[in-house]
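Presented below is the structure to which this report refers.
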Amino acid sequence: MKKSTIAPSLMCADFTNIKQELSTMQQCGIEFLHIDIMDGVFVPNITLSSAVVKQFRKITSIPYDYHLMITNPEQKADMIDVKDGDLVSVHYESTPHVLKAVQVYKAKGAKVGIALNPATPINVLEYLLSEIDFVLIMTVNPGFSGQTMVPNALEKIADTRKFLDKRGYKNMPIEVDGNVSFDNAPKMRKSGADIFVAGTSSVYSKDADLEQNIINFRKLIK
Ligand code: DX5
Ligand code: ZN
């Protein structure tokens, strides 16, 4: 089983205290910052722009894990500040030219994944596997934080692991995103998840501070 990784979802952060939060994450060994980019069209919400998140590069060296919830991402690569070592996921449902989108972000130096909405079958990945580095399984309907995990999410994670292993992609990580709670995360891990997008129901939970939440969360996904 691959080492588990935590990617806090920055849209859940306290931006009045972002410098301290990023420093805490760095001290806790957080591996990626999950950056939700939304255009209000692919999903009915608008969040951080790349111009804003680009500024965080001045105060943290943690690589970005961009989750592009935008239409036709292949046409918008110049708007996204990608550095070597970043992850970029593009939604299968967001463009007729999803392979082109993968190629465009790979050319910018990112490791690229395909994000799948809850109802999208995993077999759409069939002819993309050789071109991608990971799969992002949405465990909520994309667009908002604070939602509840959709039915069949755990089954879909397990089915994705089997699908990848059967085709010789045993080392391809599965990322999960949405209500990755203290309760759900161990079940997701057991089902085959490797990269955990942690938001309001875990690292940003009001039950403890960010550092303690990260420490507690890490123990649950070993
Ligand atoms: C939703 C985003 C998630 C979200 C996670 O579309 O992709 O990253 O912010 O928030 P929680 O963990 O609260 O579901
Ligand atoms: Zn996300």
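The values are calculated or read from the model by the stated rules, or taken from the named source; none is laboratory data. These figures come from a predicted structure and were not determined experimentally. Here Cβ is always computed from backbone atoms with ideal geometry, including for glycine, and neighbour counts include all displayed protein chains. Surface areas here come from the heavy atoms of the whole protein model, side chains and all, with no ligands, DNA or RNA. Shrake-Rupley method; radii C 1.70, N 1.55, O 1.52, S 1.80 Å.
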Environment charge of residue 163, counting only residues whose C-beta is closer than 13 Å and scoring Lys/Arg +1, Asp/Glu -1: +2
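In whole percent, what relative contact order does the chain give with Cα contacts below 8 Å and a gap of six or more residues?
Across the chain, relative contact order equals 19 percent.
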Other-chain or far-sequence residues with amide H under 5 Å of residue 65's (modelled H): 33, 34, 35, 87
Segment residue 61-residue 83, length gained on full extension (0.36 nm per residue, minus Cα span): 6.8 nm
Mean Cβ count within 10 Å, highest first, over the residues of peptides 24-34, 47-57: 24-34, 47-57
Under Karplus coefficients 6.51, -1.76 and 1.60, residue-wise ³J(HN,Hα) of the range 36-49 in Hz, glycine/proline x: 7, 9, 10, 10, x, 10, 4, 10, x, 7, 10, 10, 4, 9
Amide H contacts of residue 7 (H built 1.01 Å from N, under 5 Å, at least 5 apart or other chain): 196, 197, 198
Note, ³J(HN,Hα) from phi for the range 51-64, Karplus 6.51, -1.76, 1.60, rounded to Hz, x at Gly and Pro: 4, 6, 5, 4, 5, 5, 4, 6, 10, 8, 9, 5, x, 8
Residues of the range 1-91: accessible area per residue with a 1.4 Å probe, Å²: 43 Å²
Long-range lysine pairs (8 or more apart or interchain), the range 1-99, Cα under 30 Å: 14
Carbon + sulfur, % of accessible area of the chain - ligands and nucleic acids excluded, 1.4 Å: 53 percent
Signed unit charges on C-beta, dipole axis of the chain, positive-most listed residue 217, 25, 171: 171
Alpha-carbon gyration tensor eigenvalues x 5, square-rooted, for the chain, Å: 24, 21, 16
